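S.K.: Take this structure, written in structure tokens, and hold onto it; I'll ask about it next.
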Amino acid sequence: MNLKLLGWMSAALLSVATYVAAPGAFAEEAKQAETWNLSPEEQDLVNVTNGDVLGDRGKDGVWEFHLYTTDGYIEMTNGELVWVFGYTHAKGSFKNVGEVTTKEQVEQLLEPVKVPSDPIHLFVGEKVRITLHNTGMHCAAEHSGINHVAHTIHFHGLDLTPAVDGVPSLPVDPVLEHTAFTYELLPQYEGSFMGHCHVDSFNHILAGMYFPIIIHQDRSKTAYGYKYDRDYTLFLSELSSTANEQLQESGVVHGLQDWKADYYLINGRTFTDNLYHPRSVINDPRSRIIAYEDETVLLRLMAIGADHVFALHPHGYHMEVVALDGRKLKSTYEKDTICIASGERIDVLVKIPHFASQRKCLSCNLGAGITIMHDHNLRGMVSTGKYPMGALTIFDVRSKSKAAQPDAPLKGGKSYNPLEH
Ligand SMILES: [Cu+2]
């Protein structure tokens, strides 16, 4: 089976799982159920990209991606539809579907716009061609100044020549409406990076033009030399529905110095107190951190925004920081609260213990389960004036076998009394 088709089917499966299942029956199972007939190389790649769709291999062996800019709406957990613009790609793949110029073509040929847009996976030493197609705006007001704007991709954190840096006219012109430009890259370092537009950066980035770039050293589940069992990319960002609406209506944000986020996002979603809400962070397979006891989880943390610094705090775990901004640290360190500002990437390992033997609750006999990870700069837990609505996800840690082991006797045979502790 064609790998791209498989990727698309997997994406479809994941979204079905997200929408119809209560928390607990999640995409992890859907992913595991995909025992398709893959070549060993395809299987390796799917494992490494965590099910994300790959680019195509051109005839000369070069990886090829076609990104399209467009606009549209994303639904928030309070039901608001927020107009955004950003990058997207062909339905189910990063294939070239030609120049896309009309709203009908956008709907027919492209995935709806997402914020952030889908990750791009690259490999060290393997050439890449990334073509950016500017389809124009299709949902903005007729006379809005946002219509017909140009875009670029800035490859944030990659060491590249100025020609593919994505800053307009330094020296390459930005990509005008209904035109395309191809960036050619040769990744030299593995790590976590991001792409974003660099035209009118404040407005274009904050309107939604960003996505993760993940560069792998090889086809194994290792990062910076560390092995991991599962990995999640958590892209933290800010969004102002008011500013976006002004861009949509007129093309100008009034009082830009007073720009204020009304949504704080993990992978484009907020948490909300309705635990079953299909648009909540915790019901997104990309963002709900599912792991089993004794596993090592790699979290690729990324952030972008106007001025909010996220202070990400997992309950119950320390995080081992292994790399900053796509560079391996000479020695790691542990944190239980990580501050991450716009543009930064922080890669951490979380070692999940064996709860039954190491951390079981002595009074209730419970072990593995759900803990939260949230923005401890609590501004980031308030969206549209409501709390708790913001940057929060969960660790959903499960036992591989039902490890209902009998209580190990405490030292000295004395039973646990919480009042004595
Ligand atoms: Cu742009």
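The values are calculated or read from the model by the stated rules, or taken from the named source; none is laboratory data. The shown structure was predicted, so the numbers you read here are calculated from the model rather than taken from an experiment. Please note: Cβ atoms are built from the backbone with ideal geometry, for glycine as well, and neighbour counts cover all protein chains shown. With ligands, DNA and RNA removed, areas are computed over all heavy atoms of the protein, side chains included. Shrake-Rupley method; radii C 1.70, N 1.55, O 1.52, S 1.80 Å.
S.K.: Looking at Ser201, Ser250, which one is open to solvent by 10 Å² or more (accessible area, probe 1.4 Å) and within 16 Å of the ligand (Cβ to nearest atom)?
M.R.: Unique residue meeting the criteria: Ser201.
S.K.: Based on this model, can you work out whether Asn47 counts as over 27 Å from Ile205 (Cβ atoms), of a type outside the set (D, E, K, R) and surrounded by fewer than 19 Cβ atoms within 10 Å (Cβ to Cβ)?
M.R.: For Asn47, the condition - over 27 Å from Ile205 (Cβ atoms), of a type outside the set (D, E, K, R) and surrounded by fewer than 19 Cβ atoms within 10 Å (Cβ to Cβ) - is met.
S.K.: Kindly indicate which of Leu186, Leu206, Leu176 is within 16 Å of the ligand (Cβ to nearest atom) and either open to solvent by 30 Å² or more (accessible area, probe 1.4 Å) or more than 20 Å from the chain's Cα centre (by Cα) (or both).
M.R.: Answer to the selection: Leu176.
S.K.: So, one more: Looking only at segment 343-373, count every residue that is part of a strand (DSSP E or B) and open to solvent by 20 Å² or more (accessible area, probe 1.4 Å) and tell me the total.
M.R.: 4
S.K.: Output the number of residues of segment 353-384 satisfying the condition of being modelled with pLDDT under 95 and of a type in the set (A, V, I, L, M, F, W, C).
M.R.: Adding up the residues that qualify gives 8.
S.K.: Restricting to segment 374-393, count the residues that are part of a loop (DSSP other than H, G, I, E, B) and of a type in the set (S, T, N, Q).
M.R.: 2
S.K.: Please specify each residue of segment 148-168 satisfying the condition of being within 13 Å of the ligand (Cβ to nearest atom), at pLDDT 95 or above and open to solvent by 10 Å² or more (accessible area, probe 1.4 Å).
M.R.: Listed by number, the residues that qualify are His148, Val149, Ala150, His154.
S.K.: Suppose the filter is at pLDDT 50 or above, closer than 26 Å to Leu239 by Cα and open to solvent by 60 Å² or more (accessible area, probe 1.4 Å); does Lys400 pass it?
M.R.: In short, no.
S.K.: (1) aromatic (Phe, Trp, Tyr); (2) under 21 Å from Gly343 (Cα atoms); (3) open to solvent by 40 Å² or more (accessible area, probe 1.4 Å); (4) within 16 Å of the ligand (Cβ to nearest atom): which one isn't true of Phe211, the others all being true?
M.R.: (3)
S.K.: Anything in segment 91-139 that is within 16 Å of the ligand (Cβ to nearest atom) and open to solvent by 20 Å² or more (accessible area, probe 1.4 Å)? List them, or say none.
M.R.: Lys114, Met137, His138, Cys139, listed by residue number.
S.K.: Right, next: Can Phe193 be described as over 18 Å from Leu239 (Cβ atoms), away from the ligand (no atom under 12 Å from the Cβ) and under 20 Å from the mean Cα position of the chain (by Cα)?
M.R.: Taking the combined requirement at face value, the residue satisfies it.
S.K.: How many residues, within segment 92-128, are more than 18 Å from Thr49 (Cα to Cα) and part of a loop (DSSP other than H, G, I, E, B)?
M.R.: Residues in segment 92-128 being more than 18 Å from Thr49 (Cα to Cα) and part of a loop (DSSP other than H, G, I, E, B): 12 in total.
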